[in-house]
Amino acid sequence: RTLLFKDVFVPHDAALMPRGVYFQAAMRWPHMFLTLSPTYVGLAQPAYDFTVKYLRGEVPGTPPVKRRMYPTKQIAVAQMQIKLEQIKGIRFQAITEAGANPSKEQVLRAYAAQYSVMEGANEIATLAIRTCGGQAMLKSLPLERIYRDSRCGALMLPWTAELCLDRIGREALYEPGEKDE
């Protein structure tokens with residue numbers, strides 16, 4: 001799975017974007033940085049799906065023990081479902097607003113969507129592990145990988161979770177070019 005590039009040269013005529021276009025695109029179409037968010041929704045959904053199947057005793061390779069009758073498990077599944085719907089909803093709203101030169105509110109919502117999806121995917125994976133228990137972390141089952149991969153979302157540049165929080169706070173409080181004396 002490791003791809004290594006050594007002594008790679010890309011001629012100018014083979015470049016995907018002419019020099020300077022990426023920066024212009026980033027300034028005019030910031031929603032392009034939401035391209036990783038569907039991947040993390042794609043981790044949150046199987047974490048939820050696995051949890052439901054696991055608690056119903058329907059996961060192949062595990063004992064057919066049903067754990068769904070416990071109120072704590074039911075509440076956890078409800079919390080996971082709510083979080084999943086929240087991240088899908090805010091992401092959908094932000095994506096439907098994607099366009100050139102978005103408004104301040106649209107950019108803030110894009111940051112909020114990125115943050116919510118990246119952190120929410122990991123919250124769902126964490127809750128899945130807590131709900132299913134240690135046996136669900138076996139390498140033969142998907143939760144260990146989903147958890148590890150979901151944690152990486154908040155660390156991915158250019159819109160890490162911390163950068164999104166920083167930008168939301170700053171851009172909500174300051175207009176472009178505005179400074180404190």
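Coordinate-derived values only; no laboratory data. Since we're looking at a predicted model, the values are computed, not measured. As a convention, Cβ positions derive from the backbone with ideal geometry for all residues, glycine included, and neighbour counts pool all protein chains shown.
Each row is one residue, and each column tells you yes or no for (1) without any contact (Cβ under 8 Å) to a residue 40 or more places away in the chain; (2) under 16 Å from Leu43 (Cα atoms); (3) not in a loop (DSSP other than H, G, I, E, B).
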site	(1), (2), (3)
Ile75	yes, no, yes
Gln86	yes, yes, yes
Ala98	no, no, no
Glu144	yes, yes, yes
Ser150	no, yes, yes
Trp159	no, no, no
Glu162	yes, no, yes
query: Does Val59 count as surrounded by 13 or more Cβ atoms within 10 Å (Cβ to Cβ) and assigned to a loop (DSSP other than H, G, I, E, B)?
result: yes
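Has the range 45-58 got any residue that is out of contact with any His (no Cβ under 8 Å at 6 or more places or on another chain) and under 30 Å from Glu105 (Cα atoms)? Lay out the reasoning, then the answer.
As a first pass, look at the range 45-58 and keep what is out of contact with any His (no Cβ under 8 Å at 6 or more places or on another chain): 45-58.
If we keep only those that are under 30 Å from Glu105 (Cα atoms) too, we end up with 45.
Yes, that holds for at least one residue.
Conditions (1) assigned to a helix (DSSP H, G or I); (2) without any contact (Cβ under 8 Å) to a residue 60 or more places away in the chain, marked per residue:
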site	(1), (2)
Phe9	no, yes
Met17	no, yes
Gln24	yes, yes
Tyr40	yes, no
Leu43	yes, no
Met69	no, yes
Met80	yes, yes
Arg91	yes, yes
task: Taking the residues in the range 107-141 that are surrounded by fewer than 18 Cβ atoms within 10 Å (Cβ to Cβ) and either polar (S, T, N, Q) or not in a helix (DSSP H, G or I) (or both) as candidates, determine which candidate is farthest from the chain's Cα centre (by Cα).
output: Gln135
task: Output the residues belonging to the range 4-53 that are basic (Lys, Arg) and buried (at least 16 other Cβ atoms within 10 Å of the Cβ).
output: none
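Can you tell me which residues in the range 124-137 are touching a residue at least 40 places away in the same chain (Cβ under 8 Å) and touching a helix residue (DSSP H, G or I) at 6+ places or on another chain (Cβ under 6 Å)?
Going residue by residue through the range 124-137, those that are touching a residue at least 40 places away in the same chain (Cβ under 8 Å) are 124-125, 127-128, 130-132, 135-136.
Ile124, Ala125, Leu127, Ala128, Thr131, Cys132, Ala136 - these are the residues of the range 124-137 that are touching a residue at least 40 places away in the same chain (Cβ under 8 Å) and touching a helix residue (DSSP H, G or I) at 6+ places or on another chain (Cβ under 6 Å).
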